[in-house]
1. Using the structure shown, decide if R236 is charged (D, E, K, R) and under 26 Å from A194 (Cβ atoms).
2. Of all the residues that make up the stretch 123-134, how many are under 18 Å from L66 (Cβ atoms) and touching a residue at least 40 places away in the same chain (Cβ under 8 Å)?
Amino acid sequence: MADTKTTFLKRVISAVLAASLVLALGWFGGKFGLYVVCSVAIILGIREFSRLAFKKDVIPASVTYLFWFTSILFYIAMTDWYELGLLWFALANVLFLSGTLWLCRSKVSNDALLPALAFGTFGMAYCVLLPNFAVQTIKTENGEQWFLFLMIVVFFGDTFAYFGGRFFGKHRLMPEVSPKKTIEGAVSGLIGSALGGTVHAAIVFPFVPWYQFVLFCILCGLAAQSGDLIMSLVKRVARVKDSGHIMPGHGGILDRLDGIFIACPLVYTFALYVTPT
């Protein structure tokens, strides 16, 4: 019981500190401060994912460095020349897939090489392509508020899911992927996303009907929960509990932001859809 209370306290303190840092950067640094937040999160996410995907005793270290290099170049290109995003994604994959094939020549079995190639493409999509839409969201009109909306929807969902599962959880949601998650927790999370996101939006975006936000927050919360489960699957395959240790009580960046990453394109699309022209 004491260990549980200590872990919970660590989670609360680290979450409050992280949220305070992000809000401070956004408040004092404006859009640039939020760009910094996104860049740090993406770079740390790339680092953590590479440790999950490319085991040192199976895949040469050079492949990990190639993944870092390719992913960071892809992120820079996407940020500055977003309109050519599909081309940059294709070129990044050409570089990584071709380079990995030659770097692993005669060193890695076929059974290990093919998953490494697939992990690289998946990692660039999950850790760079998806969260880059947070940067694009910040660039829009009221971009700072849309970024805050994204965080509120996902983090309210996480919080409600945690407590809903802890107090009411009885039916396992997807035990083969994440044994502790429950259907009750998932439903509570969707309620939290809808509640937090709609209240924030009603204050900041009064020109949008409230029911549109309710429906969107549920959809966005569902995507965020899916992102959480996807990363749980990656960690289970990699046989690790957490993606990293940067946030006490939470784990790594991918443990905390997996839902954020996958929800970014949805919020960006919705912001473009409802913003008056």
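1. Details: charged (D, E, K, R): yes; under 26 Å from A194 (Cβ atoms): no.
No.
2. Of the residues in the stretch 123-134, the ones under 18 Å from L66 (Cβ atoms) are 123-129.
From what is left, the residues that are touching a residue at least 40 places away in the same chain (Cβ under 8 Å) are 123-124, 126-129.
So the answer is 6.
Bear in mind that the values in this text are calculations on the coordinates, not laboratory data. Note that the structure is predicted; figures quoted are calculated from it, not measured. Neighbour counts run over all protein chains shown; Cβ positions are idealised from the backbone, glycine included.
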